[in-house]
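Peer 1: Below are the structure tokens for one structure; questions will follow.
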């Protein structure tokens with residue numbers, strides 16, 4: 001099987017993507033959404049033509065709410081982000097924006113107002129991290145348990161360890177993608193992004209388990225003298241079509257959701273698209289070949 | 001042959017049931033019955049408020065009780081809004097959240113955040129008003145007269161030909177010193193005893209002196225609690241409020257409301273989320289559209305690649321959708337944009353078990369098995385990876401549900417978890433029944449074509 005044979009090349013692709021992702025995070029950092037960072041977000045839609053960005057910036061600056069950002073959204077709208085606003089500050093911003101340069105009232109409809117206090121944000125961020133860690137831990141324990149009968153030639157906890165490597169890979173790549181998209185397109189790390197990561201973890205581990213399960217089964221019916229390398233290769237090729245097809249159906253749903261679906265979940269869908277592609281890659285080209293690498297290392301040691 | 005007849009009849013029953021189910025979903029949505037889908041605020045539009053409760057001054061043992069009385073107070077105030085299905089719930093931070101208590105208020109359809117916040121944050125209003133018997137009798141007569149035609153009477157707009165039925169006295173909760181729970185010494189009934197401050201006491205003495213023999217109505221948050229008859233002048237500024245049917249629990253909560261002025265637990269607004277109705281409606285429309293398209297494309301893909309089994313898998317996928325929608329209505333699950341995204345995603349994933357099984361079947365056919373035993377063998381062998389894979393997805397869903405703090409993510413986790421369970425059922429039982437119902441006994445050219453799939457590899 002070419003996947004096992006050329007595994008070093010596939011490792012290199014993964015390593016490159018991971019390094020690029022980490023570098024993007026280091027260089028550009030991550031844009032945190034208000035649900036983690038705290039702050040307020042106002043989405044406005046103007047009845048007729050919308051004012052210029054400079055105009056809006058001038059109007060908000062006059063209300064003295066501190067640092068803010070304003071960017072255009074849709075055809076007639078603006079999204080304005082500020083620090084956590086009080087009721088009065090919020091009203092001041094809205095009334096300032098509802099007037100044109102001459103002070104005449106224009107129609108500005110507030111479509112959305114999100115406001116998260118700093119305490120709530122910290123709490124949400126802490127919960128997000130804990131749930132990520134818990135999911136990874138629970139999955140590793142589960143795999144170690146599910147493959148407990150498999151100990152030759154690679155012991156079951158190593159299946160678990162490989163699963164962690166694959167999962168960390170799957171989390172880092174979409175995070176890197178969001179660092180890039182965050183810098184250039186304003187994509188944010190928010191609760192939905194973390195949810196996407198957890199779904200990616202679930203999906204990727206599901207994929208990895210299907211291949212591992214095949215290895216487990218093929219090991220049971222192993223003919224004497226059949227190399228472990230060969231068994232893993234056979235298992236990958238047997239599950240290859242299934243892995244690709246399952247990812248295909250999921251990717252079909254996601255691509256459609258990206259183009260047709262709700263604006264609210266668009267970035268969520270992008271995170272899933274990147275992550276599920278990475279997850280499919282990791283379960284075919286990273287996880288299973290790593291079994292062979294681990295077995296080879298073990299052989300070297302015992303020699 | 002008999003076995004096949006059995007599978008065929010089960011298949012027909014399954015189809016009939018799911019068509020019935022589909023019709024039920026459709027009709028309950030059209031008729032807006034109790035089973036119609038519950039939409040989250042991000043789809044229906046409305047206001048979501050998160051308050052942080054400061055429980056630091058409350059003894060540990062009383063925190064639970066204080067929080068629940070806080071919820072009751074807020075609920076009472078929210079109900080004044082006339083919103084359909086408001087949600088007021090207490091959320092405990094737990095170990096992970098940092099141990100804080102939060103109060104979450106959801107007001108569907110309300111987009112005036114300021115008004116909502118003001119109403120929720122207000123203090124309870126205690127008022128003593130004089131009863132104008134003549135006007136009241138007149139008003140009651142009007143209600144009696146108009147009542148039978150079924151139209152509800154709005155007292156506030158009914159013409160008060162003989163003046164206001166209740167006359168303000170200026171004596172309100174502002175002049176209150178403290179409130180206590182007492183029990184009537186004769187009847188043992190619970191009552192609320194209020195003590196006015198100096199100004200209040202003087203006013204109360206004056207009112208009672210001037211109105212001996214008349215009734216005084218005691219209002220709490222705009223509702224009459226009781227209207228005792230004044231027997232003599234009351235000096236000392238002490239009054240008892242006792243409604244005929246007031247339970248000691250109710251009396252206790254009134255005492256608490258009055259004493260804490262505002263609320264049993266001080267709260268601060270930590271988070272606000274307002275979604276305009278038009279934004280919600282367009283999000284809903286987009287979600288439904290993408291769901292329909294995703295289903296169509298997945299079915300097309302399955303049929304092109306897996307031929308007859310692919311068609312059957314599409315039918316069982318349709319049954320999956322029907323079961324899920326029925327569950328959404330029955331539980332009921334509050335649908336959010338993230339929840340709907342999770343559902344559409346789960347449609348893509350639900351196919352996975354079918355694909356696993358079909359690939360396994362194909363292998364068995366290659367080994368020379370006939371179609372029937374190939375189907376059985378394919379299902380049996382695919383089961384272990386379906387089980388293990390789905391268990392790991394369930395673990396993810398459970399942790400998400402347990403730890404998530406936003407309703408958006410909770411809804412997603414619930415739908416995702418339900419999807420995993422239901423998809424296991426449809427893939428294993430429904431797809432199998434359909435396959436066995438149509439599987440031919442003989443190995444003709446046509447049936448081999450129909451059951452083969454994809455490219456030869």
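Peer 1: Give the residues of region B:201-214 that are in contact (Cβ under 8 Å) with a residue 40 or more places away in the chain and either closer than 30 Å to residue B:119 by Cα or buried (at least 19 other Cβ atoms within 10 Å of the Cβ) (or both), sorted by residue number.
Peer 2: Listed by number, the residues that qualify are B:204, B:207.
Peer 1: Given B:378, B:389, which one is within 11 Å of another protein chain (Cβ to nearest Cβ) and touching a residue at least 12 places away in the same chain (Cβ under 8 Å)?
Peer 2: B:389
Peer 1: Collect the residues in region B:416-427 that are within 23 Å of the chain's Cα centre (by Cα) and either surrounded by 24 or more Cβ atoms within 10 Å (Cβ to Cβ) or in contact (Cβ under 8 Å) with a residue 40 or more places away in the chain (or both), keeping them in residue-number order.
Peer 2: If the condition is that a residue be within 23 Å of the chain's Cα centre (by Cα) and either surrounded by 24 or more Cβ atoms within 10 Å (Cβ to Cβ) or in contact (Cβ under 8 Å) with a residue 40 or more places away in the chain (or both), then B:416, B:418, B:419, B:420, B:422 are the ones that fit.
Peer 1: Kindly provide the set of residues from region A:72-91 that are within 12 Å of another protein chain (Cβ to nearest Cβ), assigned to a loop (DSSP other than H, G, I, E, B) and at pLDDT 85 or above, ordered by number.
Peer 2: The answer is A:84, A:85.
Peer 1: Based on this model, can you work out whether residue B:325 counts as free of Cβ contacts under 8 Å to residues at least 24 places away in the same chain, more than 10 Å from chain A (Cβ to nearest Cβ), farther than 12 Å from residue B:416 by Cα and outside any loop (DSSP other than H, G, I, E, B)?
Peer 2: So residue B:325 does not fit the description; no.
Peer 1: Next question, about the same structure. Would you tally the residues in region B:39-64 being assigned to a strand (DSSP E or B) and closer than 15 Å to residue B:265 by Cβ?
Peer 2: Going through region B:39-64 one residue at a time, the tally reaches 4.
Peer 1: For residue A:230, which of the numbered conditions (1) more than 9 Å from chain B (Cβ to nearest Cβ); (2) within 25 Å of the chain's Cα centre (by Cα) fails to hold?
Peer 2: (2)
Peer 1: Using the structure shown, decide if residue A:204 is touching a helix residue (DSSP H, G or I) at 6+ places or on another chain (Cβ under 6 Å) and either free of Cβ contacts under 8 Å to residues at least 40 places away in the same chain or farther than 26 Å from residue B:339 by Cα (or both).
Peer 2: no
Peer 1: Looking at (1) without any contact (Cβ under 8 Å) to a residue 40 or more places away in the chain; (2) within 12 Å of chain B (Cβ to nearest Cβ); (3) under 20 Å from residue A:218 (Cβ atoms), which one does residue A:142 not meet, given that it meets all the others?
Peer 2: With (1) without any contact (Cβ under 8 Å) to a residue 40 or more places away in the chain; (2) within 12 Å of chain B (Cβ to nearest Cβ); (3) under 20 Å from residue A:218 (Cβ atoms) applied to residue A:142, the lone miss is (3).
Peer 1: Oh, and also: Scan region B:407-415 and give yes if some residue there is modelled with pLDDT of 85 or more, in a helix (DSSP H, G or I), surrounded by fewer than 17 Cβ atoms within 10 Å (Cβ to Cβ) and within 14 Å of chain A (Cβ to nearest Cβ), otherwise no.
Peer 2: Looking through region B:407-415, none of the residues is modelled with pLDDT of 85 or more, in a helix (DSSP H, G or I), surrounded by fewer than 17 Cβ atoms within 10 Å (Cβ to Cβ) and within 14 Å of chain A (Cβ to nearest Cβ).
Peer 1: Got at least one residue in region A:12-20 being more than 30 Å from residue A:291 (Cα to Cα), more than 14 Å from every other protein chain (Cβ to nearest Cβ) and surrounded by fewer than 17 Cβ atoms within 10 Å (Cβ to Cβ)?
Peer 2: no
Peer 1: Now, a different point. Can you confirm whether residue B:268 is assigned to a strand (DSSP E or B), touching a strand residue (DSSP E or B) at 6+ places or on another chain (Cβ under 6 Å) and surrounded by fewer than 21 Cβ atoms within 10 Å (Cβ to Cβ)?
Peer 2: The answer is yes for residue B:268.
Peer 1: Might you check whether a residue that is facing chain B (nearest Cβ under 10 Å) and more than 25 Å from residue B:52 (Cα to Cα) occurs anywhere in region A:163-180?
Peer 2: Yes: region A:163-180 contains one or more residues that are facing chain B (nearest Cβ under 10 Å) and more than 25 Å from residue B:52 (Cα to Cα).
The values are calculated or read from the model by the stated rules, or taken from the named source; none is laboratory data. Since we're looking at a predicted model, the values are computed, not measured. Glycine also receives a Cβ, built like all others from the backbone with ideal geometry; neighbour counts cover every protein chain displayed.
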